[in-house]
Amino acid sequence: MRIVHIVVGSLALGLTGAAAVWGIWCWYRASSSRVFWWLLRAGQGFIVLEAALGGIWILSGRHASGLHLIYGLVPIAVSFVGEQLRIASAQMVMDSRGFESAAELGALPADEQRVVVMTIVQRELGVMVLAAIVMTVLLARAAGTG
């Protein structure tokens, strides 16, 4: 069980770290990337799996340090908050440009629509890249305290 926990934790750390690095590059280039989102979602999935395995480990009578538990569980909260901020970012961009609804955006010429959409994509990417960076740091600390 310990080896499985280490392997899944390493995968979570590696995928989340790769998402952070690739996301920084994509954000810098102002381009969206499916690879980033796949890496991020896979990393999030492995984080949840790792937390479940850790719970099983503890329920079986094994002991883990308090710091290890905190560093291992906080990335789930960071991911959740990041997703909420990502969802809100589209509305923030729309509000900052004075649009009441997406229908108003649809009335704009195609070039102006593209600028607004790219601004939304850039903001969403930035939010999730920051979340991936924080999750990576926390997962690395969890590995160091495990």
### Task
Quick one: dipole size for region 1-144, taken about the Cα centre, charges +1 on Lys/Arg Cβ and -1 on Asp/Glu Cβ, in debye to the nearest 20.
600 debye
### Task
Tell me which label goes with the value of Rg/Rh (Cα atoms, Kirkwood Rh) computed from the coordinates here: (i) 0.94; (ii) 1.03; (iii) 1.11.
(iii)
### Task
Tabulate in residue order the Karplus-calculated ³J(HN,Hα) for region 50-60, using 6.51 cos²θ - 1.76 cosθ + 1.60 with θ = phi - 60°, rounded to whole Hz; enter x for Gly and Pro.
4, 5, 5, 5, x, x, 4, 4, 5, 5, 7
### Query
Mind listing the phi-derived Karplus ³J(HN,Hα) values for region 8-21, rounded to whole Hz, using 6.51, -1.76 and 1.60 with θ = phi - 60°, and x for any glycine or proline?
5, x, 5, 5, 4, 5, x, 5, 5, x, 5, 4, 5, 5
#### Entry: Mean Cβ neighbour count within 10 Å, used as a protection proxy, ranking 107-115, 2-10, 125-133, 46-54 highest first
125-133, 46-54, 2-10, 107-115
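Here, each number is a calculation from the coordinates, and none is a lab measurement. Keep in mind that this is a model prediction, so the values were computed, not measured. Quick reminder, even Gly has a Cβ in these numbers, built from the backbone with ideal geometry, and neighbours come from all protein chains shown.
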